[in-house]
Amino acid sequence: MNTKYILTVLTLFTASFAFAQSNVEVVIKKIKGTAGSLRVALFNSEEQFLKTPYKGEIVKISGETVTVVFKNVPAGTYGASVIHDENENEKMDTGMMGIPKEGFGFSNDAMGMFGPPKFKEASFVLPATKSVSVTLKYM
């Protein structure tokens, strides 16, 4: 066989692993009621965490547990957040002192002391982790 041909095939084969993408499954648990929708966001950096999602989905609620799959996600470190937007106003409703009125949760079931968790608490590494759980909290 031609040496150039073999080198080309090996290069393409190796490059496909470098750019490998996976699916990420976000399993949302303990959803209260079927009113509204779930706003599921996937973040790929600490700087963008809870500000600008890398990917997002809005899904109807079909029961106490819903699974959302983000497809073709490159290897890296990610964090997920979920809001149960009961009144579908496209935001997290809060009451006095910023306490959430709607269900919310983060990957790894991370919770902050006085506010949301840090990215590193909610983060997971892809492709090592292909499924994360988010248990919704209601105040």
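The values are calculated or read from the model by the stated rules, or taken from the named source; none is laboratory data. All values reported here derive from a predicted model rather than from experimental measurement. Counting neighbours? That spans all protein chains shown, and the Cβs are built from the backbone with ideal geometry, glycine included.
Please pick out the residue among Phe19, Phe43, Phe13 that is modelled with pLDDT of 95 or more and aromatic (Phe, Trp, Tyr).
Selected residue: Phe43, the only one of Phe19, Phe43, Phe13 that is modelled with pLDDT of 95 or more and aromatic (Phe, Trp, Tyr).
Step by step: first the residues of the stretch 90-133, then only those that are within 17 Å of Thr34 (Cα to Cα) and touching a residue at least 24 places away in the same chain (Cβ under 8 Å), then the one that is surrounded by the fewest Cβ atoms within 10 Å (Cβ to Cβ). Which residue is that?
Ranking the qualifying residues of the stretch 90-133, first place goes to Glu90.
Within the stretch 37-55, does at least one residue satisfy the condition of being in contact with a Gly (Cβ under 8 Å, 6 or more places away or on another chain), basic (Lys, Arg) and over 19 Å from Asn23 (Cα atoms)?
no
Among (1) among the β-branched types (Val, Ile, Thr); (2) touching a strand residue (DSSP E or B) at 6+ places or on another chain (Cβ under 8 Å); (3) touching a residue at least 40 places away in the same chain (Cβ under 8 Å), where does Thr65 come up short?
With respect to (1) among the β-branched types (Val, Ile, Thr); (2) touching a strand residue (DSSP E or B) at 6+ places or on another chain (Cβ under 8 Å); (3) touching a residue at least 40 places away in the same chain (Cβ under 8 Å), Thr65 is out only on (3).
Sort through Lys55, Lys60 and tell me the only one that's under 14 Å from Arg39 (Cα atoms), at pLDDT 95 or above and surrounded by 14 or more Cβ atoms within 10 Å (Cβ to Cβ).
Lys55
So, in the stretch 63-87, of the ones that are crowded, with 19+ Cβ neighbours inside 10 Å, within 12 Å of the chain's Cα centre (by Cα) and not aromatic (Phe, Trp, Tyr), which residue ends up farthest from Lys101 (Cα to Cα)?
Across the stretch 63-87, the extreme among qualifying residues is Val73.
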